[in-house]
Amino acid sequence: MSNILTIAMPKGRIFEEAVELLRKAGYKLPPEFDDSRKLIIDVAEEGLRFILSKPMDVATYVEHGVADVGIAGKDVLLEEERDVYELLDLKISHCYLAVAGLPDTKMNEVAPRVATKYPNVAEAYFREQGEQVEIIKLNGSIELAPLIGLSDRIVDIVSTGRTLKENGLIEYERIIDVTSRFIVNPVSYRIKDLQIDEMVERLSKVV
Ligand SMILES: Nc1ncnc2c1ncn2[C@@H]1O[C@H](COP(=O)(O)OP(=O)(O)OP(=O)(O)O)[C@@H](O)[C@H]1O
Ligand SMILES: O=P(O)(O)OC[C@H]1O[C@H](OP(=O)(O)OP(=O)(O)O)[C@H](O)[C@@H]1O
């Protein structure tokens, strides 16, 4: 194993905030981080290699050890249950998971349907509530499902609440708060403990 530390970063909305945080922690990241389509960015001076993945895939790269560490939303970690350690709450990309639906509607008593991008989280939540539901997995635009009769409820991310509001939906229950976390591969943590601890320490000073 080389002493370069490989970091899996989520593309999309977390990326910008994560880059800002790393810069605040003193890492010198080149302008490529602000405007590039590259999926691997080496920052030799810092001893770092960044790989840019879909947010849902970050923990997969870290679990398989092709990335030593990564930044992932708590929503993804709850959904995927990967074999990684969560070392730090970075307190970026705040949002929460909630149950939502059309106002003044009850769940269908016979076969209630719940649309979501988070089937495991939704399944576990409704099981805990003692309700048996049919989960319908979608990949985005979850709010569409109750509007066109695909489901009675949705389980999705809420941040400002704007998407629910503009689509005439209301929140029924808040499930759990979500922020992005710093995660690490257990084997990498044994071998590169000094490098990883240093990064955690630098980040923890600026979160
Ligand atoms: N509206 C939001 N506000 C703040 N954070 C959010 C919001 N939606 C999602 N997140 C957080 O950001 C992470 C990535 O969300 P993003 O929407 O960029 O990914 P994605 O929808 O999976 O990607 P893509 O749109 O490329 O499929 C989520 O896992 C969650 O932790
Ligand atoms: O409460 P708000 O601030 O409106 O944010 C919540 C929305 O943001 C996310 O969607 P995203 O923009 O990732 O689009 P998606 O439908 O492709 O998941 C999430 O799935 C909600 O739809």
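The single condition among (1) over 23 Å from Lys24 (Cβ atoms); (2) crowded, with 17+ Cβ neighbours inside 10 Å; (3) not assigned by TED's automatic domain parsing to the domain that holds Ile154 that Glu81 does not satisfy is (2). Counting only strands (runs of 3 or more DSSP E) that sit completely within the stretch 1-59, those holding 3 or more residues that are at pLDDT 95 or above and under 22 Å from Val84 (Cα atoms) correspond to 5-10, 48-53. Would a scan of the stretch 99-107 turn up a residue that is buried (at least 20 other Cβ atoms within 10 Å of the Cβ), touching a residue at least 60 places away in the same chain (Cβ under 8 Å), within 24 Å of Val184 (Cα to Cα) and not basic (Lys, Arg)? Looking through the stretch 99-107, none of the residues is buried (at least 20 other Cβ atoms within 10 Å of the Cβ), touching a residue at least 60 places away in the same chain (Cβ under 8 Å), within 24 Å of Val184 (Cα to Cα) and not basic (Lys, Arg).
Ser159: surrounded by 12 or more Cβ atoms within 10 Å (Cβ to Cβ) and either within 16 Å of ligand 1 (Cβ to nearest atom) or among the hydrophobic types (A, V, I, L, M, F, W, C) (or both), yes or no? Against the criterion (surrounded by 12 or more Cβ atoms within 10 Å (Cβ to Cβ) and either within 16 Å of ligand 1 (Cβ to nearest atom) or among the hydrophobic types (A, V, I, L, M, F, W, C) (or both)), Ser159 qualifies. The residues on offer are Arg174, Arg181, and the sole one that is within 16 Å of ligand 1 (Cβ to nearest atom), surrounded by 13 or more Cβ atoms within 10 Å (Cβ to Cβ), modelled with pLDDT of 95 or more and assigned to a strand (DSSP E or B) is Arg181. If you take the residues of the stretch 109-144 that are within 16 Å of ligand 1 (Cβ to nearest atom) and assigned to a helix (DSSP H, G or I), which of them is farthest from Arg174 (Cα to Cα)? Going through the qualifying residues, I end up with Leu144. The set of residues in the stretch 94-117 being within 16 Å of ligand 2 (Cβ to nearest atom) and either touching a Phe, Trp or Tyr at 6+ places or on another chain (Cβ under 9 Å) or over 24 Å from Ala72 (Cβ atoms) (or both) consists of Leu97, Ala98, Val99, Ala100, Gly101, Leu102, Val114.
Taking (1) within 16 Å of ligand 1 (Cβ to nearest atom); (2) surrounded by fewer than 16 Cβ atoms within 10 Å (Cβ to Cβ); (3) not in a helix (DSSP H, G or I) in turn, Leu88 satisfies each apart from (2). Annotation note: Cβ proximity below 7 Å between a residue of the stretch 153-178 that is under 22 Å from Ala72 (Cβ atoms) and a residue that is more than 8 Å from ligand 2 (Cβ to nearest atom) and among the acidic types (Asp, Glu) (sequence gap 6+ or interchain) occurs for Ile157/Asp75; Val158/Glu171; Val178/Asp75. Contact map, the stretch 59-77: first residue within 16 Å of Leu5 (Cβ to Cβ), second residue of a type in the set (Phe, Trp, Tyr) and away from ligand 1 (no atom under 12 Å from the Cβ), Cβ cut-off under 7 Å, separation 6 or more or different chains; pairs are Ala67/Tyr61; Val69/Phe182; Gly70/Tyr61; Ile71/Phe182.
Every test in (1) free of Cβ contacts under 8 Å to residues at least 24 places away in the same chain; (2) under 26 Å from Thr116 (Cβ atoms) is passed by Val43 save one, and that test is (2).
The values are calculated or read from the model by the stated rules, or taken from the named source; none is laboratory data. This is a predicted model, so every value here is computed, not measured. When we count neighbours, we look across all protein chains shown, and the Cβ atoms used for this are built from the backbone with ideal geometry, even at glycine.
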